[in-house]
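Report on one structure; see the data block that follows.
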Amino acid sequence: MIIPLPMQAPRTLMTLPEDVTAHYLAILRVARREPSLEALRELLAAHLTRIPFENISKLYYRKRLGLVKLPEIRLYLDGIDNHHFGGTCYSNNYHFYLLLRSLGYEAKLCAGDMRTPQVHALNMIMIEGREYLADTGYAAPLLEPIPRDLAVDYETTLGRDRYVLKPQDVNGCSRLELYREGVLHHGYLAKPEPKTVEDFSKAIAASFSADATFLNSVLLVRLYPGRSVLIHNLALVESEGNKSTVHALADRDELIAAIEQHFGMTREIVREALGQLGCLQDAWS
């Protein structure tokens, strides 16, 4: 059996002010509780179902505020409250990490390798003697904390997609694989070493470069228990159980209308955000 690395204190340990923690929990509609696996399950499911994965806010804040870094926590929460925003992997997972630390969880911010090393952020939490992976930034229905001391594959399926977390490798890393319609489509290798947000500074800066994925594609995912709504460029995908239905969107006007209908963002904000968008490319490429 592979033993997870011991938790180490991050170089910059940050917690949230009490009023910010209270605001965050109010958004999640979760009461403050002592750390436990049951409470962690509630927090993770609430985060994934109440805060979408989306890059409209990234485009909008870049245009409106000139923001080319992570939104600070108050802006992040105000965007959720006022515009139904969420975020991508860095903002969703880093802010969730801050919430967990502020609630007393033994959590660490970790990095995942995709095609580029250390380009994905995620969380690992030690609770009740086991370490769990929790990812609020992969646009995936991983509503349960997943134990990392697996003996066999851990699978989650929704619609056309199947997510597989493999047992740890000899280096203590966990590989998550996304299979779409039975074909390996994407994934990442999660590494257990604790990181600070500063360790992601180059990756975050690169995410605002002219050829960056989320400046050249649209991806929004709203998760519900047992179903999801996904908008990827000019496709609307609704999944429930083991079925997915794909609806083609004719143009950007239909795209804007679909985002307003399914994600509650106003057409004015979405139109302004999409004015920053480059060519439409595959967000999983």
*Take the Cα atoms of the chain, find their three principal axes, and give me the spread along each one in whole Å, biggest first.*
52, 44, 35
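Quick one: pull the percent of accessible area on segment 79-206 belonging to carbon and sulfur, 1.4 Å probe, ligands and nucleic acids left out. Intermediate results must be reported in sequence, preceding the final value.
Working: 2320 of 4750 Å².
Carbon plus sulfur share of accessible area: 49 percent.
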_Tell me the angle of helix 252-263 to the major Cα principal axis of the chain, expressed in degrees between 0 and 90 and rounded to the nearest ten._
40 degrees
_Net +/- balance of residues flanking Leu277 in space, Cβ distance below 12 Å, scoring K and R +1, D and E -1_ = +4
*Provide the FRET efficiency to the nearest 0.05 for the His247-Glu42 pair, computing r from the beta carbons and using R0 = 35 Å.*
0.60
*To the nearest 10 degrees, how steeply does helix 89-102 sit against the main Cα axis of the chain, on a 0 to 90 scale?*
40 degrees
_Highest mean first, how do 27-40, 183-196 rank when packing is the count of other Cβ atoms within 10 Å averaged over residues?_
183-196, 27-40
*Enter the angle in degrees (range 0 to 90, nearest 10) between the Cα long axis of helix 18-28 and the first principal axis of the Cα atoms of the chain, meaning the one along which they spread out most.*
60 degrees
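Ignoring any ligand, DNA or RNA, what whole percent of the accessible area of segment 215-285 comes from carbon and sulfur when the probe is 1.4 angstrom? Display every interim value, and only then the final one.
Numbers: 1590 of 3280 Å².
Carbon and sulfur atoms account for 48 percent of the accessible area of segment 215-285.
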*Taking 7 Å along the Cα-to-C-beta vector as the label spot, tell me the Glu106-Leu65 distance in nanometres, rounded to one decimal.*
3.5 nm
*In Å², what does the accessible area per residue of the chain work out to with a 1.4 Å probe?*
44 Å²
*So how many Lys-Lys pairs in the chain land under 25 Å Cα to Cα, not counting same-chain pairs under 8 apart?*
17
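The values are calculated or read from the model by the stated rules, or taken from the named source; none is laboratory data. All values reported here derive from a predicted model rather than from experimental measurement. When we count neighbours, we look across all protein chains shown, and the Cβ atoms used for this are built from the backbone with ideal geometry, even at glycine. Accessible surface is based on the protein model in full, side chains and every heavy atom, while ligands, DNA and RNA are left aside. Shrake-Rupley method; radii C 1.70, N 1.55, O 1.52, S 1.80 Å.
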